[in-house]
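For reference, the structure is listed below as structure tokens.
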Amino acid sequence: MLTVDQAVDEAIKHNLDFLAQKYDLSVAEAQIVTAKLRPNPLLTLDADHLDLLGTGFTTAGTNPNNGGPVEYSVRGDYLYERGGKRQARTALAVGNRDVTRLSLADSVRGLILTVQGAFVDVLNAKQSLQLAQENLKTFQDIVTINQTRFKDGDIAQVELMRSEVAELQYANAVRQAQLQEVSALSRLQLLLGRTPLQPIDVQGDLREDFPDGTREALFNLALQDRPDLQALVRDEGRADADLRLQKANGKVDWQIGAEYRRQTVTAQANTLGFFVQSPVALFNRNQGEIARAQQALLQAQARSRAMKATVQNDVDQAFLQYQASRDTLQNVERSMLGKAKDVRSISDYAYKRGEISLVEFIDAVRAYNDTMQTYNDARAGYARSLYGLDAATGSTTAAGKVPLP
């Protein structure tokens with residue numbers, strides 16, 4: 001037996017789509033390692049002016065060629081990055097990692113809502129099946145009674161046949177309800193990452209609690225806890241780090257080197273050389289990337305403002321849905337449920353006593369079924385609205401609620 005909290009925990013650990021998405025965080029962590037790396041030094045080994053063609057280097061005699069000398073050298077170069085490029089790269093990679101983590105947290109928020117909704121569907125399907133089975137049991141009893149009454153000559157054969165047809169109709173309703181329950185369970189299993197599909201059953205009641213706080217308080221809570229909003233706010237910092245990196249990339253780097261050179265054969269000498277190379281930034285000072293990063297920062301700020309409006313709308317819609325679901329449920333409970341049950345029990349008693357016709361009894365059962373199904377759907381809708389309100393405020397992924405990546 002699986003509770004809704006257990007289902008949520010299992011989905012976070014084993015949902016196949018989410019497991020694939022979690023690799024984004026590992027990629028972002030690896031990018032931080034890359035950003036922190038310093039440039040590798042460059043080692044050059046040189047052998048020059050070698051007498052491989054047999055010329056024979058000479059500096060004396062009747063016909064000296066003054067060739068050579070043979071030279072061997074070892075040189076090392078290192079790229080000295082200026083402008084804080086490595087620090088800026090690291091800050092950008094850390095920003096990407098933080099945005100990725102918050103995006104995953106928002107995926108958790110959506111996954112939790114989807115699992116909770118699927119769990120409600122299963123509970124609603126089980127209630128519908130129970131209602132259909134109760135109705136089938138009622139008409140099975142009616143058919144048994146009518147068979148006896150027909151044998152005794154109290155009713156016509158057509159009355160018996162009508163009750164048997166009604167029994168077949170409700171037997172078909174039971175099969176349809178069973179199919180809906182199996183379908184809802186299969187969807188829940190897929191969300192839980194159970195492959196191949198295994199037998200599963202759920203336990204628990206539909207939520208009937210009341211949210212705390214006004215709409216304004218819920219919106220303030222969403223501003224604090226919604227991970228998608230936090231991701232966009234953090235994206236502003238990431239965009240600012242990107243701008244700093246592009247400005248740093250606009251500064252030229254120095255290539256610093258040192259060389260040891262050994263001359264042999266016609267000359268005997270050991271020398272040292274030192275080198276500094278630097279591009280002359282006449283044309284390319286990374287102007288385009290700096291301008292792009294500036295616009296990206298403005299875009300991130302605009303997206304953050306837009307997301308705040310979206311969050312407020314989400315909270316408003318979720319709160320309105322909660323109010324509508326609450327009012328519907330209360331209306332069914334206060335004005336319809338009791339009357340439908342009374343009519344159903346009175347009709348059952350009256351038909352068995354022969355005081356009303358089968359058609360009247362079937363109409364009373366149909367009205368009762370419609371009312372009970374409306375009641376079950378209203379309870380399920382109210383539970384979904386509560387879960388939706390949690391998702392809209394981000395309380396499901398608030399600190400300490402679930403193990404975020």
Debye log10 I(q)/I(0) at q = 0.19, 0.24 Å⁻¹ for the stretch 110-169, Cα point scatterers: -0.70, -0.88
Enter the per residue convex hull volume of the stretch 225-278, computed from alpha-carbon coordinates, in Å³ rounded to the nearest integer. 110 Å³
Could you give P(r) for the stretch 52-102, binned at 5 Å from zero, as whole percent values over all Cα-Cα pairs? 4, 13, 11, 9, 7, 7, 5, 5, 5, 6, 7, 7, 6, 5, 3, 1, 0
Can you give me the angle between helix 4-14 and the longest principal axis of the chain, using Cα atoms only, in degrees from 0 to 90, rounded to the nearest 10? 30 degrees
Expressed in angstrom, Rg and Dmax over the Cα atoms of the stretch 1-100 are 30.6, 107
Rounded to a whole number, what is D in µm²/s for the stretch 95-218 from Stokes-Einstein with the Kirkwood radius over alpha-carbon pairs (37 °C, 0.692 mPa s)? 176 µm²/s
Based on alpha-carbon atoms only, what is the radius of gyration of the stretch 310-385 relative to the globular estimate 2.2 N^0.38 Å? 1.53
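May I ask for the percentage of alpha-carbon pairs in the stretch 28-82 that lie more than 18 Å from each other?
Everything past 18 Å amounts to 62 percent.
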So, in Å, what gap is there between the alpha-carbon centers of the stretch 108-128 and the stretch 1-77? 51 Å
Dividing the convex hull volume of the alpha carbon atoms of the stretch 225-370 by its residue count, what do you get in Å³ per residue? 280 Å³
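State to the nearest 20 debye the size of the charge dipole of the stretch 214-267 about its Cα centre, where the only charges are +1 on K and R beta carbons and -1 on D and E beta carbons.
For the stretch 214-267, the charge dipole is close to 400 debye.
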Connecting every pair of Cα atoms under 10 Å apart in the chain and solving the GNM, the largest mean-square fluctuation among T114, T62, T34 falls on T62
Surface per residue (accessible, 1.4 Å probe) for the chain, Å²: 56 Å²
Once the Cα atoms of the stretch 1-40 are picked out, what are the Rg and Dmax in Å? 16.8, 58
Plugging the Kirkwood radius over Cα pairs into Stokes-Einstein for the stretch 143-190, at a temperature of 37 °C and a viscosity of 0.692 mPa s, what D comes out in µm²/s? 258 µm²/s
Report in % the part of the accessible area of the chain that belongs to carbon and sulfur, leaving out ligands and nucleic acids; probe 1.4 Å. 53 percent
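With a ≥ b ≥ c the root eigenvalues of the C-alpha gyration tensor of the stretch 189-247, is it rounded (a/c under 1.5), prolate (a/b larger than b/c) or oblate?
oblate
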Of Q198, Q317, Q330, the most mobile residue in a GNM of the chain (C-alpha springs, cutoff 10 Å) is Q198
Does the stretch 159-212 classify as rounded, prolate or oblate by the C-alpha gyration tensor (a ≥ b ≥ c root eigenvalues; a/c under 1.5 gives rounded; else a/b over b/c gives prolate, otherwise oblate)? oblate
Rounded tilt (10° steps) of 358-393 against the dominant C-alpha axis of the chain: 20 degrees
Above 24 Å lies some portion of the pair distances; for the stretch 191-290, what is it as a whole percent of all C-alpha pairs? 70 percent
Separation of alpha-carbon centers, the stretch 260-318 and the stretch 154-231, rounded to whole Å: 54 Å
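Provide the gained length on full extension for the span N40 to D201, in nm with one decimal, where the gain is 0.36 nm per separating residue minus the Cα-Cα distance. Write out the running numbers ahead of the final one.
Working: separation 161, 0.36 × 161 = 57.96 nm, distance 5.90 nm.
Here the answer is 52.1 nm.
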Averaging over all projection directions, find the projected area of the Cα convex hull of the stretch 30-181 and quote it in nm² with one decimal place. 22.4 nm²
Nearest 20 debye, what's the magnitude of the dipole of the stretch 1-56 about its Cα centre given +1 on Lys and Arg Cβ and -1 on Asp and Glu Cβ? 140 debye
Report, to the nearest 10°, how far helix 157-192 tilts away from the longest principal axis of the Cα atoms in the chain, using its own Cα long axis and a range of 0 to 90°. 20 degrees
Which values of log₁₀ I(q)/I(0), to two decimal places, follow from the Debye formula for the chain at q = 0.13 Å⁻¹ with a uniform point scatterer at every Cα? -1.13
Here the gain from full extension of L320 to E333, 0.36 nm per residue of separation minus their alpha-carbon distance, amounts to 2.7 nm
To the nearest 0.05, what FRET efficiency results for N284 and F210 with a Förster distance of 60 Å applied to their C-beta separation? 0.40
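The values are calculated or read from the model by the stated rules, or taken from the named source; none is laboratory data. This is a predicted model, so every value here is computed, not measured. Don't worry about glycine lacking a Cβ; one is built from the backbone with ideal geometry, like all the others, and counts go over all protein chains shown. Accessible surface areas use protein heavy atoms only, side chains included; no ligands, DNA or RNA. Shrake-Rupley method; radii C 1.70, N 1.55, O 1.52, S 1.80 Å.
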